[in-house]
Structures are given as C-alpha cells and as structure tokens.
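Structure first, then comments.
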Amino acid sequence: MKNVRKLHPGETVISWLLLAFSAFVLYQAIAISGFSGLSTPGAFPVASSAIMTGAMLWLVVQNLRIARRTPEQDKQPAWAVMHELLPLRIVLFTLLIVAYMLLLQPLGFLISTFMFLCSGFIYLRGSTPLRCVVIAAVAVVVIYGLFNYLFRVVLP
Amino acid sequence: MADSMFGYFMMSWLDPSLLGLTALGTLAGIYVGAIPGLSVTMAVSILISFTFSWDVNNALALMVGVYIGGVYGGSRSAILLNIPGAPSAIATAFDGFPLAKQGLAGQAIGVTTVVSVIGGFIGILVLAIAAPLVSDVALMFAPRDYLLLALMGLLLVASLSGESMAKGIFCAAFGACIGMVGMDPMTAEGRFTFDTVMLLGGIPYVVAMIGFFGVSEALYQLHHIGLKPIKQDVSKIIPSWSVVLKYLPLSIRTSFIGVFIGALPGTGGDIASLMAYDHAKRSVKNPSKPFGEGAYEGLVAPESANNAAVGGAYIPMLTLGMPGDAVTAVIIGALYIHGLKPGPMMMIETPHLFWFTVGNLTLANIFLLIFGLTGIKIFAKMVELPKGLLLPLIIILSVVGAYAINNNIADIFWLLGFGVFGYFLKMAGFQVGPIILGVILGPLMDVSYRRAMISVGDSTLELMHELVTSPISLILSLVVIWLIVSQTALPRLIKARFSKGKTA
Amino acid sequence: MKHSFTKALVCSTLAGLLSCGLQAADFPEKNLQGAIMWGAGGATDNVARAVTPLVEPVLGEEIVLVNKSGGAGAISTNYVNSRPSDGYTLLYGAENPQLHKVLGLSKIDYADFYPVNILARGVVVIVANNDKPWTSMKDLVADAQANPGTVKMGSTGPGGLPFVVGAMLKTATDFDVRAVPFDGEGPGITALQGGHVDFMPAGLTAVREHIRAGRVKALAVLSDTPIPGLEEIPLITADIPEFKKFLPWGPFYGVFAKRDIPDDAKAKLTDAFQQAAATEQFGKFMQDFGAVVTNISGDEADAFLKHWQSVTTWSLEAVGETKVSPAEFGIAKP
C-alpha cells in the first residue's frame with residue numbers, strides 16, 4: 001500500500017476537486033448549528049465532513065509525493081487523460097440517460113422507456129436494429145406489467 | 001402442551017392452502033428481493049390490503065414466504081449485476097459480482113442458497129428455544145450500545161478501502177454525510193437541505209446504493225463494451241457436501257451474529273450482513289480467493305447472517321409485540337387489522353401464533369432451498385447477454401427501482417448523480433463499498449450518539465462512566481478497542497519484539 | 001359524401017366530448033392514489049390500510065396506497081398539494097401538519113385540504129418504567145421539580161405527541177425534564193422498558209398491550225372524563241387540575257383531499273369514507289387499536305382541526321417551543 005501504487009489517469013485533478021467539495025460540505029455542516037454543543041444536529045455532520053476533508057488532504061499530499069517520483073515520460077498529456085476518463089461513448093450514453101429522465105414524466109413511462117431502450121440498444125450495438133426494437137418492446141411491457149399490476153407502483 | 005405445540009408447528013405443513021401460499025410467497029419473494037427498489041417491506045404492506053378479507057393464518061403464511069424469499073432474493077442481483085436487490089445484500093456484492101465476472105455466477109448462487117437456508121434455520125432455532133431470553137437482552141441495549149455497534153461495523157472500512165486507506169475513510173465519511181441529508185429525525189431541523197422541501201425527506205439510501213453500485217458500474221462497463229461476455233459455467237451449481245461442510249463453521253458463526261443483530265429493535269439484516277462480512281474477513285485466514293476478488297467466504301458470511309436475522313427480527317415481535325425491523329413492523333400492523341392484539345400478552349393469549357409462525361418459517365426455508373436451487377441456470381445466463389443489451393436494461397431497472405421507493409421523480413436524478421459521481425471515483429481508484437457503509441451506519445451513529453449524549457446531559461464524563469459500569473457497554477467497548485488495536489500495527493510490533501527476543 | 005363524412009366526424013367528436021363531460025360526473029372513473037404521510041407499520045399506515053379496503057367497494061374503484069414519509073409529513077402534504085385538483089389523490093395523515101407552520105417546517109397545513117373524514121382520535125397515556133418509585137403523576141412532577149433536568153422523558157422529536165404533551169405539562173406544572181428523542185413511539189416504549197428513559201407520554205395504541213402485560217405502569221390518562229375500558233388509570237386532572245384547559249386533546253388520523261376538488265368528488269368521497277368508518281369491522285379494529293372512532297367530515301371536521309391547532313400551537317408558544325408565533329398565521333388563541 002505504501003507508495004507502491006501508481007496514480008490513476010486524472011486522479012490528481014479528481015482529488016483536488018474532491019478536496020474542494022469536502023471543504024464545501026464542511027462549511028455547510030458548520031452552518032447547521034455551529035459548535036454550540038455536543039449533541040446538536042450539526043455535531044455529527046461537522047465531524048464526518050471534517051474527516052472527509054482530512055482524508056482528502058492526506059490523499060492529496062500522498063499523490064503529490066507519488067507524482068514527484070513518477071518519471072516525466074510516464075506522465076500522460078491532458079488529452080489522453082480526458083480520453084481515458086471520459087470516452088465519447090460514456091458522455092453520449094449519459095446524455096441519453098439524462099434525456100430519458102427528463103422525458104419520463106412528460107411522455108409517460110411506456111413511450112420514454114421504449115425510446116430509451118431502442119436508442120440505447122442500437123447505439124451500443126446490442127443486436128440487429130430490428131431485434132433491438134422487439135426486445136425493447138417486450139422489456140417495456142414486462143417491466144410495466146410487473147410493476148404496475150403486480151407491485152402496485154404507479155409509474156409516471 | 002407439547003402436543004398442541006407440535007400441532008401448531010405442523011399447521012402450515014398439513015393444510016394444503018397454507019402450504020401452497022407459503023410456497024407462492026417464497027417464490028414471489030425471491031423476485032421481489034431480486035429487483036432493486038422493490039423491498040420486502042413494500043411487498044408486505046401491499047399484501048395487507050390484498051389479504052384483508054382472508055383468514056389471518058393464510059395472510060401470515062403468504063407474508064412469511066415473501067419475507068424469507070425476499071431477504072434471500074437480494075443476493076441474486078448483487079451477484080449477477082452488482083446491484084444489491086436489498087440493503088442486506090450489499091456485502092454479498094463485494095465477492096459475488098467478482099465471481100460472476102469469472103464465470104462462476106452459478107456456483108456463487110448455489111453456495112448462497114445453501115448458506116441462506118442454514119442461516120434461516122439457525123435463526124428459527126434461536127427463535128424457538130431462546131426468544132424470551134434474547135428479547136430481554138435486546139431491551140437492555142442503550143443508545144450508547146448502538147453507537148458502539150455502529151462503530152464496530154464502521155471498522156470494516158479498513159478492509160474495504162482497496163489501495164489507499166485515505167480513500168476509504170473519505171468515502172465512508174462522505175456516505176455518512178449523504179445519510180444526514182434531510183430533516184434531522186431528532187430536532188426536525190434541515191441538514192444539507194439548502195432550504196428546499198424536496199431535500200427535507202432526505203435521500204433514500206437505496207437510491208444511493210443503486211446509484212453507486214448499479215449505475216456507476218454500468219457506466220464503467222462501457223469501457224469494455226467490445227469484450228465478449230464471460231461464458232458462465234453452469235455445470236456444478238449445487239454445492240457438494242464437502243463444500244458445504246467446509247463453510248459450515250463460518251456459516252454458523254455468522255448466523256449467530258445475524259440472529260442477534262436482527263433481534264435488536266434498532267438494527268436489521270443490512271447491518272448484520274456487514275458485520276458478518278467483517279467477521280469473515282478477520283477470522284478466515286486462507287479464503288478460497290482473496291476477499292473482494294471472489295472469495296466464497298465473502299458470500300457465506302453475509303448471506304447466512306441476513307437470513308438468520310429474519311428469525312431474529314421475529315423474536316421481539318412475537319414475545320413483546322415490538323418490531324425487530326421494518327418488515328415485522330408491517331406484520332404487526334397486519335395482526336391488528338386481523339383483530340389480534342400484538343404485544344407481550346400474545347404469547348399467553350394466542351400461543352398458537354408463536355408455534356404456527358415458527359413452523360411456517362421452517363417450511364418457507366425448505367421452499368427456499370428448492371426454489372433457490374432451481375432455475376439458477378437461466379439467471380446465470382442473464383449475465384451472458386451482450387453488454388449492449390444488458391447495460392440499458394440495468395439503467396431502466398435502476399431508474400424504476402429508485403422511483404419505486406418513494407414514488408418520487410427527484411430520486412432518479414439523485415440516482416444518476418450518484419452514478420456519475422461513483423464512476424469518477426471508481427476511475428480514480430476509490431471503492432464505492434465504504435460509501436454505502438457510511439450511508440447505512442452514519443445515521444445510526446448520529447442518532448445513537450446524540451441520544452446517548454442527551455441522556456447524560458452532554459457530559460462526556462458521565463458517558464465514560466456509563467461505558468464502564470454497564471456490562472453490555474463494557475463488553476462492546478472492549479471489543480471495539482480490541483478490533484482497533486488488532487487492526488493497527490501494534491500486534492505486529494509486539495510479535496516482532498517477541499520473535500526478536502527468541503532469536504536473541 | 002365528403003360533406004357527410006365531416007359532419008359525422010364533428011358529431012362523433014361532440015358526442016365524445018359530451019360523454020366525457022357526463023363521465024366526469026361519475027367520479028371516480030379510474031383508480032385513486034392515497035399518499036400515507038408516515039412509513040409502513042406506523043399508526044397512520046395501519047389506520048389507512050384498515051379503512052381503505054372498506055372504502056373501495058363503495059367507491060367502486062381501487063385506492064392504491066403509497067407510503068411517502070419524510071419531513072414529519074411535510075413531504076406528503078406538499079406532494080398531494082402539487083397534484084391536480086381532481087380528487088384522485090388522497091392524503092392519509094395524522095395531526096402533525098397542524099404544527100408545521102409554527103415549527104417552520106412547511107407552509108402547508110390542513111387549512112389547504114378538505115377533510116374527507118377525521119376517522120379516529122387517539123387516547124394519550126403517560127407511562128413510566130416499572131423500576132421507578134412513582135405511583136402517580138404527583139410523584140413524577142415532584143421528582144422532576146426536585147431534580148430539574150435529570151428525569152428522562154421519551155420523546156419522538158419536535159411536533160411529536162410526547163413533545164406536545166411535555167410542553168403542556170411544563171405550562172401546567174412548571175417542571176423541567178430531559179427529552180430524549182426516538183424514531184417513533186414504538187422505539188421510545190422499547191427504550192422505556194429497557195430503562196433508558198424514565199417516562200413517556202404515548203398513544204394508547206403503542207402502549208396498551210404493554211400496560212396490560214404489566215411491563216410498564218400507567219400514571220395518567222389525558223382526559224377529564226373516564227374512558228371506557230381504562231377506568232383503572234387515573235385521570236390527569238385528578239393530580240394536575242391545571243391540565244383541564246388543554247383537554248380534550250390527542251392525536252388523530254384522517255383522510256384529506258385538496259380544498260378545491262370538484263363538489264361531486266367531495267360528496268362521493270365523504271360518503272364512501274363515512275360508510276366505511278361506520279362499519280362494525282372498522283369499529284372493532286379501532287377498539288383493539290386503542291383509538292376512538294370519530295367519523296366526522298366537512299365543516300364539523302374543519303372546526304375540530306381549527307380547535308386542535310389553536311390549543312396545541314398556543315401551548316407550544318407558551319413554553320417557547322415554536323419557531324414562528326401562531327399569531328402570524330392568524331391562529332386564534334383558545
């Protein structure tokens with residue numbers, strides 16, 4: 001464990017961002033009830049966000065040390081890191097999920113889910129387009145039937 | 001007396017309709033449990049209205065079946081998809097999913113089924129012979145003792161952290177903060193709510209669980225979309241006697257953890273399974289594979305414990321009319337609606353109920369063994385679906401599951417947020433396990449810590465005093481200290497010293 | 001030919017519209033949804049699930065029940081309030097929203113809802129741990145006054161029943177206790193039996209069986225007239241006459257719909273729930289449950305809600321437990 005590990009692509013940036021995030025959470029936690037007592041609602045959030053911040057500080061320092069020892073030629077350029085961390089496929093698929101979630105209520109469960117499954121299957125080349133559509137239709141009907149009639153979950 | 005006891009015990013075995021309903025319930029329960037977001041609690045509440053006009057025994061038989069099947073069912077999706085179907089199956093995913101990745105999903109499910117049934121039987125056994133005793137001990141647990149229990153569970157972070165302890169600690173603390181969001185249950189004050197009503201209800205931890213496990217894993221898998229799905233070996237699914245015997249001691253030990261944690265009114269199968277996993281990691285020196293990479297021991301422990309916790313949860317319910325967990329709380333409601341009076345007098349006034357339930361639980365466990373070991377092949381083959389089909393389906397299941405918990409559309413955005421966040425954490429070498437540990441144990445620690453503090457009027461000195469004077473607290477404190485010490489470098493130092501002394 | 005086709009189209013559309021209009025008069029024409037403001041297994045949940053199967057045959061449609069707990073009921077009130085005013089979404093709730101305004105939890109209370117039926121009223125009992133030396137409320141009050149801030153009261157958090165009763169006791173007797181909040185009455189009573197708290201005001205629902213089994217002792221019942229079946233428990237007014245001004249007081253469980261739903265929906269719902277609450281089966285359930293069937297709706301229920309809110313919020317205000325004064329919301333003094 002000790003310093004034998006290598007940095008993951010983008011780890012440096014991510015750990016700095018997480019440090020900032022922890023500090024923000026700590027700030028919010030202190031805002032709950034300050035340091036007014038040992039059994040206030042804010043006591044535990046302050047403690048856990050302080051631990052978050054502390055652990056992240058520790059990690060950032062560790063990472064700085066590892067980075068210093070990493071030979072220059074082993075370091076990846078920013079675009080390569082970006083490519084490994086966020087390939088186009090993941091960005092597009094995530095956007096597809098976002099679109100689905102936004103359309104879920106206006107279009108209703110049946111239509112939006114069918115559309116999502118079709119486009120998802122076809123985009124990820126799960127099968128031939130025709131079979132994708134059929135599988136999507138079957139899946140939507142099965143899930144809808146199961147949840148709506150058997151489990152009484154009123155889907156949007 | 002003994003005669004009538006046995007008669008009540010056998011009631012559900014001999015009556016065809018009770019037998020059928022128990023079987024049906026168990027089968028349905030497995031599926032309810034396997035679908036993330038559909039909880040046993042929810043299923044049993046639906047059954048209350050559904051069985052309103054039924055005979056009470058029929059209604060209870062169906063509920064018992066669903067309960068037993070549901071607790072087990074959570075392991076299915078944890079092993080196959082890395083989405084724990086229920087919070088009590090989180091620890092199952094740690095080693096179950098790696099096994100599925102190695103093409104051993106069938107074997108994993110087989111072992112899980114057998115140890116679940118063993119755990120179930122031990123739970124029932126304790127319920128049958130020691131219920132009043134256990135419930136009396138459970139009542140003695142003070143808020144400070146729950147705090148110590150949660151601390152014990154939290155020490156699992158050390159072994160779930162992966163490559164860096166700092167990352168594990170960060171994740172656990174972050175999880176605790178997620179658990180804090182919403183209205184503080186003790187003062188009704190908003191925490192991390194940014195003054196919105198939407199956040200007042202908090203973030204259901206099942207949403208965090210599905211997001212961090214299911215969605216982030218699905219996004220992560222997109223890197224390997226081109227890879228062929230792993231062929232699942234489904235030849236030897238039912239574990240041999242020698243395998244069962246090998247894991248039996250661990251299964252029995254963790255079942256006792258499960259039954260006791262289950263019997264405590266403030267904790268249930270989720271915490272039981274985490275503590276059992278921790279116990280396995282400490283006590284098993286040579287696991288079949290390293291923990292976290294597909295150790296069967298990592299399946300045996302949590303699955304024995306969470307099924308044993310069912311018997312445990314019935315202990316305070318049947319002896320005192322107090323729920324051991326959320327499901328038994330709903331069953332108590334059902335008893336009211338059917339004109340029974342759940343409470344401490346139940347054992348005296350309606351003694352048949354106790355032995356009927358014990359017999360019924362036993363029966364459901366036998367059905368669990370049968371249903372659990374059949375149809376594994378089809379389940380295992382699910383993992384062989386091309387990723388292009390599997391991943392969008394996982395997303396849909398996750399979304400529906402997250403929505404189903406509270407019928408709240410905002411929850412699905414949390415789901416995606418956690419999924420994306422979890423994806424980046426994974427890419428940077430963080431483990432998501434400790435986050436869920438924090439989400440589950442954080443709120444328990446928060447409320448029990450404050451309850452303990454309020455009880456002593458915020459005086460740390462008095463709390464310390466209580467920790468050493470109450471026998472339960474003293475034992476728990478010593479265990480916590482021992483766990484911490486044995487985890488740090490201290491024992492190694494002593495050992496080094498010792499061996500040096502010898503050679504010198 | 002073409003002309004007649006258009007005509008036919010127009011006619012059929014009109015007929016369709018007309019029949020739609022007619023159908024609207026036949027409330028309900030689809031399943032209803034019922035949001036329960038507390039989690040599965042709680043008292044509100046039990047009452048909701050007991051009454052609903054009796055209502056469904058009268059309505060001729062199903063009511064799909066969903067637990068939407070959180071924010072002491074604020075999540076559910078906000079949810080139902082945000083639904084269309086068509087009468088298809090019902091709120092199953094307890095007394096809590098009547099305190100949301102003064103506790104600063106939410107801007108919505110039952111003034112925004114039409115009380116379809118206040119189904120039942122709970123009876124409150126003050127119970128104590130068996131190992132305590134007290135035999136009456138007098139002993140408890142004396143002990144609490146002699147040792148301020150050390151007697152531990154089981155509570156369920158602000159706005160909860162023990163919290164309100166504690167505030168009333170404080171106004172009536174001027175004593176100071178340490179309130180330890182639990183997740184609900186059940187967990188509180190569990191802690192009481194384990195000796196982790198000393199006494200707790202709780203709904204009869206949660207404690208009746210424990211009193212009967214002798215696992216806790218009942219010090220007083222919150223009433224100034226004897227309650228059938230509970231004659232052996234002393235009345236609170238016997239030991240603390242000052243408490244009379246708060247009575248009758250207790251938790252209640254009801255069904256609500258948005259204030260502005262169509263009148264025919266209001267009438268249909270009111271009628272259906274009144275029939276259900278009047279059944280023998282529901283009465284028996286409530287008796288076992290430890291509550292009294294009230295079965296009131298409309299104006300009568302509104303008056304009940306107003307009175308409850310006024311008594312409770314002003315007694316909280318008197319001991320400084322409110323965030324916003326009830327006067328700000330035009331809540332009259334009792």
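The values are calculated or read from the model by the stated rules, or taken from the named source; none is laboratory data. Please read these numbers as outputs of a predicted model, since none were measured by experiment. Methodologically, a virtual Cβ is constructed for each residue, glycine included, from the backbone with ideal geometry; neighbour enumeration extends over all protein chains shown.
When the stretch B:130-169 is examined, which residues are found to be of a type outside the set (D, E, K, R), farther than 30 Å from residue B:355 by Cβ and assigned to a loop (DSSP other than H, G, I, E, B)? Lay out the reasoning, then the answer.
In the first step, residues of the stretch B:130-169 are kept if they are of a type outside the set (D, E, K, R); the result is B:130-135, B:137-143, B:146-162, B:164-166, B:168-169.
Within this subset, residues satisfying the condition of being farther than 30 Å from residue B:355 by Cβ are B:142-143, B:146-162, B:164-166, B:168-169.
Result: B:142, B:155, B:156, B:161, B:162, B:164.
Any idea which residue in the stretch B:444-483 is nearest to the chain's Cα centre (by Cα), counting only those that are surrounded by fewer than 17 Cβ atoms within 10 Å (Cβ to Cβ) and within 14 Å of chain A (Cβ to nearest Cβ)?
Checking each candidate, the answer is B:464.
Looking at this structure, is residue C:148 modelled with pLDDT of 85 or more and surrounded by fewer than 24 Cβ atoms within 10 Å (Cβ to Cβ)? Full working, then the answer.
Values: modelled with pLDDT of 85 or more: yes; surrounded by fewer than 24 Cβ atoms within 10 Å (Cβ to Cβ): yes.
Taking the combined requirement at face value, the residue satisfies it.
Among the numbered criteria (1) touching a Leu at 6+ places or on another chain (Cβ under 8 Å); (2) more than 11 Å from chain C (Cβ to nearest Cβ); (3) basic (Lys, Arg), which single criterion is violated by residue B:144?
The failed condition is (2).
Taking the stretch A:130-156 on its own, how many of its residues are farther than 21 Å from residue A:120 by Cβ and facing chain B (nearest Cβ under 8 Å)? Walk me through it before giving the result.
At the first step, the residues of the stretch A:130-156 found to be farther than 21 Å from residue A:120 by Cβ are A:148-154.
Restricting the remaining residues to those that are facing chain B (nearest Cβ under 8 Å) gives A:151-154.
Here the count works out to 4.
Any residue at all in the stretch B:414-437 that's more than 9 Å from chain A (Cβ to nearest Cβ), surrounded by fewer than 16 Cβ atoms within 10 Å (Cβ to Cβ) and at pLDDT 90 or above?
Yes.
Going through the stretch B:400-428 one residue at a time, which ones are closer than 18 Å to residue B:85 by Cα and among the aliphatic types (A, V, I, L, M)?
Answer for the stretch B:400-428, where residues must be closer than 18 Å to residue B:85 by Cα and among the aliphatic types (A, V, I, L, M): B:400, B:402, B:404, B:405, B:412, B:415, B:416.
When the stretch C:215-266 is examined, which residues are found to be under 14 Å from residue C:201 (Cβ atoms), assigned to a loop (DSSP other than H, G, I, E, B) and in contact (Cβ under 8 Å) with a residue 40 or more places away in the chain?
Selection gives C:222, C:223, C:233, C:240, C:249, C:250, C:251.
Do you know which residues across the stretch A:19-38 are surrounded by 19 or more Cβ atoms within 10 Å (Cβ to Cβ) and within 7 Å of another protein chain (Cβ to nearest Cβ)?
Listed by number, the residues that qualify are A:25, A:32.
Quick one: is residue C:239 out of contact with any His (no Cβ under 9 Å at 6 or more places or on another chain), outside the structural domain of residue C:133 (by TED's automatic domain parsing) and surrounded by fewer than 21 Cβ atoms within 10 Å (Cβ to Cβ)? Even if it seems obvious, please write down each step before you answer.
Values: out of contact with any His (no Cβ under 9 Å at 6 or more places or on another chain): yes; outside the structural domain of residue C:133 (by TED's automatic domain parsing): no; surrounded by fewer than 21 Cβ atoms within 10 Å (Cβ to Cβ): yes.
When the stated conditions are applied, residue C:239 does not pass them.
Quick check on residue C:154: is it surrounded by fewer than 22 Cβ atoms within 10 Å (Cβ to Cβ), within 15 Å of residue B:455 (Cα to Cα) and at pLDDT 90 or above? If you could, list the steps in order and put the result at the bottom.
Numbers: surrounded by fewer than 22 Cβ atoms within 10 Å (Cβ to Cβ): no; within 15 Å of residue B:455 (Cα to Cα): yes; at pLDDT 90 or above: yes.
In short, no.
Taking the residues in the stretch A:85-108 that are within 8 Å of another protein chain (Cβ to nearest Cβ) and over 15 Å from residue B:420 (Cα atoms) as candidates, determine which candidate is surrounded by the most Cβ atoms within 10 Å (Cβ to Cβ). Show your work before the answer.
Of the residues in the stretch A:85-108, the ones within 8 Å of another protein chain (Cβ to nearest Cβ) are A:85, A:87, A:89-90, A:93-94, A:97-98, A:100-101, A:104-105.
Okay, now just the ones that are also over 15 Å from residue B:420 (Cα atoms), so A:100, A:104-105.
Details: A:100: 23, A:104: 20, A:105: 12.
In this case the residue turns out to be A:100.
Count, please, the residues in the stretch B:170-201 that happen to be buried (at least 24 other Cβ atoms within 10 Å of the Cβ) and part of a loop (DSSP other than H, G, I, E, B).
Going through the stretch B:170-201 one residue at a time, the tally reaches 3.
Could you figure out which of (1) modelled with pLDDT of 80 or more; (2) not assigned by TED's automatic domain parsing to the domain that holds residue A:63 isn't true of residue A:45?
Against the list (1) modelled with pLDDT of 80 or more; (2) not assigned by TED's automatic domain parsing to the domain that holds residue A:63, residue A:45 comes up short only on (2).
Hey, could you check the stretch C:99-120 for residues that are surrounded by fewer than 24 Cβ atoms within 10 Å (Cβ to Cβ) and either in a helix (DSSP H, G or I) or acidic (Asp, Glu) (or both) and say which is farthest from the other protein chains (Cβ to nearest Cβ)?
My answer is C:111.
For residue C:67, work out the one condition from (1) farther than 30 Å from residue C:328 by Cβ; (2) crowded, with 21+ Cβ neighbours inside 10 Å; (3) more than 10 Å from chain B (Cβ to nearest Cβ) it doesn't fulfil.
So residue C:67 meets the others, but not (3).
Looking only at helices (runs of 4 or more DSSP H) that lie completely in the stretch A:38-156, which have at least 1 residues being under 20 Å from the mean Cα position of the chain (by Cα)?
By residue number, A:43-69, A:78-85, A:88-107, A:109-123.
Name the one entry in B:328, B:362 that is within 19 Å of residue B:262 (Cβ to Cβ), free of Cβ contacts under 8 Å to residues at least 24 places away in the same chain and within 26 Å of the chain's Cα centre (by Cα). First the steps, then the outcome.
On the way: B:362 fails: free of Cβ contacts under 8 Å to residues at least 24 places away in the same chain.
None of the other options fit; the residue is B:328.
Is there a residue in the stretch C:131-148 that is in contact with a strand residue (DSSP E or B) (Cβ under 8 Å, 6 or more places away or on another chain) and within 14 Å of chain B (Cβ to nearest Cβ)?
Checked against the condition, which is being in contact with a strand residue (DSSP E or B) (Cβ under 8 Å, 6 or more places away or on another chain) and within 14 Å of chain B (Cβ to nearest Cβ), the stretch C:131-148 yields no hits at all.
When the stretch B:202-233 is examined, which residues are found to be under 23 Å from residue B:84 (Cα atoms), touching a residue at least 60 places away in the same chain (Cβ under 8 Å) and part of a loop (DSSP other than H, G, I, E, B)?
Restricting attention to the stretch B:202-233, the residues satisfying the condition of being under 23 Å from residue B:84 (Cα atoms) are B:202-225, B:229-233.
Checking the rest, the ones that are also touching a residue at least 60 places away in the same chain (Cβ under 8 Å) come to B:203-222, B:224-225, B:229-233.
Matches in the stretch B:202-233: B:203, B:204, B:225, B:229, B:230, B:231, B:232, B:233.
State which residue is surrounded by the most Cβ atoms within 10 Å (Cβ to Cβ) when the search covers only the stretch C:267-283 and only residues that are more than 19 Å from the chain's Cα centre (by Cα) and free of Cβ contacts under 8 Å to residues at least 40 places away in the same chain.
Out of the qualifying residues, it is C:267.
Where the second residue is of a type in the set (Lys, Arg) and assigned to a strand (DSSP E or B) and the first is within 11 Å of chain B (Cβ to nearest Cβ) and within 18 Å of residue C:104 (Cα to Cα) and lies in the stretch C:74-89, which pairs have Cβ atoms under 7 Å and are six or more apart or on separate chains?
Close Cβ pairs satisfying both conditions: C:81/C:258.
From C:206, C:202, C:218, grab the single residue that is more than 21 Å from the chain's Cα centre (by Cα) and among the aliphatic types (A, V, I, L, M). Spell out the reasoning first.
On the way: C:206 fails: more than 21 Å from the chain's Cα centre (by Cα); C:202 fails: more than 21 Å from the chain's Cα centre (by Cα).
On inspection, the qualifying residue turns out to be C:218.
What are the residues in the stretch B:388-409 that are more than 7 Å from every other protein chain (Cβ to nearest Cβ) and farther than 15 Å from residue A:109 by Cβ, if any?
Hits for the stretch B:388-409 are B:390, B:394, B:405.
Quick one: would you say residue B:405 is closer than 17 Å to residue B:33 by Cα and modelled with pLDDT under 90?
Details: closer than 17 Å to residue B:33 by Cα: yes; modelled with pLDDT under 90: yes.
Yes; evaluated as a whole, the condition is true for this residue.
Test residue C:322 against the criterion of being surrounded by 19 or more Cβ atoms within 10 Å (Cβ to Cβ) and either hydroxyl-bearing (Ser, Thr, Tyr) or touching a His at 6+ places or on another chain (Cβ under 7 Å) (or both), and give yes or no. Steps first, please.
Details: surrounded by 19 or more Cβ atoms within 10 Å (Cβ to Cβ): yes; either hydroxyl-bearing (Ser, Thr, Tyr) or touching a His at 6+ places or on another chain (Cβ under 7 Å) (or both): yes.
Against the criterion (surrounded by 19 or more Cβ atoms within 10 Å (Cβ to Cβ) and either hydroxyl-bearing (Ser, Thr, Tyr) or touching a His at 6+ places or on another chain (Cβ under 7 Å) (or both)), residue C:322 qualifies.
Report the residue count in the stretch C:175-210 for those that are more than 9 Å from chain B (Cβ to nearest Cβ), more than 20 Å from residue C:252 (Cα to Cα) and modelled with pLDDT of 90 or more.
3
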